[in-house]
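My structure is below; once you've seen it, I'll send some questions.
The values are calculated or read from the model by the stated rules, or taken from the named source; none is laboratory data. As the structure is a prediction and not an experimental result, all values here were calculated from the model. Cβ coordinates were reconstructed from backbone atoms using ideal geometry, including for glycine residues, and neighbour counts include every protein chain displayed.
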Amino acid sequence: MLKRNIKKFDVVSIGGATSDFMFYSGEGELISTNNLTKQKLLAFEYGAKIIADKLYPTYGGGAANTAVAFARLGLKTGIICQVGWDEEGRKAVENLKKHRVDSSLIKYDKHNLTAFSMILTVKGAENEHIVFAHRGASDTLSNKDLQLDKIASDWLYISSLPKINWAGIMASVIKTKSKIAWNPGNAQLQQLAKMGKYLPKVKLFLLNKDEALEFKKLKDIKGLIKYIRGLGPEIVVITDGSAGAYVYDGHKYYFMKALKVKSVDTVGVGDAFSSAFTGALIYGKNIKTALSWGIKNSASVIGKVGAQNGLLDKRRLAQR
């Protein structure tokens, strides 16, 4: 029996919520730098005045994007994040409420501004983007702000966490009875040794290929995903952009090709895939179905402006 005043959720997203401005430019040149990771640089002429062809105000952040996605799937969804005591924070929270995400666990920081990103998408460069981010209030979230004793959630979805406080947050998360899905950010990937102590408690570990290669430089994707699974998580997912996505659960390897769609921009594509994949597991679907949901959701988002506009509901994801 749940204690009184304990809120019950299917899933709670933990991480960041941002106010974003997306702008597009036809200028810039892609330069390849690494054959293994396919890493590229986007170059502009030094001192040049770059023209923004279009500008869109949107919302983002790993926790916000996935929370909206989960809510759209029909799941009872909460979010734990921190915004500033400012107009942008108010708008970000209102956006979450509009999408039926429970906002009661959101914290407010009166000393720092709401996290803010400027996202540059370059036309003719596979519509890839570069993010200029100020983490602001998101970077002050700590384990003291989680209020995990006030909720009961079947799943906790962890996205990018503050550089200073992330280990404390994870230490609190793994003490819960919730299943844990973890899509780590750069701050966590810079401290792989410290990450290792939490991985055996993780049900679902989601990475893109570049992030996975931080653990071990292997060209063989099966060897790479098997190595990471050996670190402790039950299910490992590695996405590889337009190639598709790989999964390994310790018994079987899975792969599904990405859908070929017209790309508007790639903002939020990873969050769209990860949330749909996780959502399928929450609904008790198998890995093959989860892959299908993830591929469809990411394909839909890549065809829309912003990280949240193309997110699909459960009915559309289940269609063949």
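Quickly run through region 130-149 and pick out the residues that are in contact with a Leu (Cβ under 6 Å, 6 or more places away or on another chain) and buried (at least 18 other Cβ atoms within 10 Å of the Cβ).
Residue satisfying the conditions is G136 alone.
Right, here's the next one. Pull up region 241-255, narrow it to residues that are crowded, with 17+ Cβ neighbours inside 10 Å and of a type in the set (A, V, I, L, M), then point me to the one that is nearest to K203 (Cα to Cα).
Checked region 241-255; the qualifying residue nearest to K203 (Cα to Cα) is V247.
What about L224, is it surrounded by 19 or more Cβ atoms within 10 Å (Cβ to Cβ), among the aliphatic types (A, V, I, L, M) and without any contact (Cβ under 8 Å) to a residue 24 or more places away in the chain?
So L224 passes the test.
Now for a separate question. Does G74 satisfy being at positive phi, surrounded by fewer than 18 Cβ atoms within 10 Å (Cβ to Cβ) and more than 20 Å from the chain's Cα centre (by Cα)?
Answer is no for this residue.
Residue by residue, here is whether (1) aliphatic (A, V, I, L, M); (2) out of contact with any strand residue (DSSP E or B) (no Cβ under 6 Å at 6 or more places or on another chain) holds:
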site: K54; (1), (2): no, no
site: F70; (1), (2): no, no
site: K76; (1), (2): no, no
site: Q82; (1), (2): no, no
site: E87; (1), (2): no, yes
site: R90; (1), (2): no, yes
site: A115; (1), (2): yes, no
site: I119; (1), (2): yes, no
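A further question on this structure: Go through N165, N183, N208 for me and flag whichever is modelled with pLDDT under 95 and under 21 Å from A63 (Cα atoms).
Being modelled with pLDDT under 95 and under 21 Å from A63 (Cα atoms) holds for just one of N165, N183, N208, which is N165.
Turning to a different aspect of this structure: So T77 passes all but one of these: (1) within 19 Å of Y157 (Cβ to Cβ); (2) in contact with a Lys or Arg (Cβ under 7 Å, 6 or more places away or on another chain). Which condition number does it fail?
Going through (1) within 19 Å of Y157 (Cβ to Cβ); (2) in contact with a Lys or Arg (Cβ under 7 Å, 6 or more places away or on another chain) one by one, T77 breaks only (2).
Identify the single condition in (1) touching a Gly at 6+ places or on another chain (Cβ under 6 Å); (2) buried (at least 17 other Cβ atoms within 10 Å of the Cβ); (3) closer than 24 Å to F9 by Cα that K314 does not satisfy, given that it satisfies every other one.
Among (1) touching a Gly at 6+ places or on another chain (Cβ under 6 Å); (2) buried (at least 17 other Cβ atoms within 10 Å of the Cβ); (3) closer than 24 Å to F9 by Cα, K314 violates only (2).
Which ranges mark the strands (runs of 3 or more DSSP E) fully within region 16-69 that have 2 or more residues being closer than 14 Å to V267 by Cβ, at pLDDT 80 or above and of a type outside the set (G, A, S)?
Because the criterion is at least 2 residues that are closer than 14 Å to V267 by Cβ, at pLDDT 80 or above and of a type outside the set (G, A, S), the strands (runs of 3 or more DSSP E) in region 16-69 that meet it are 18-25, 54-60.
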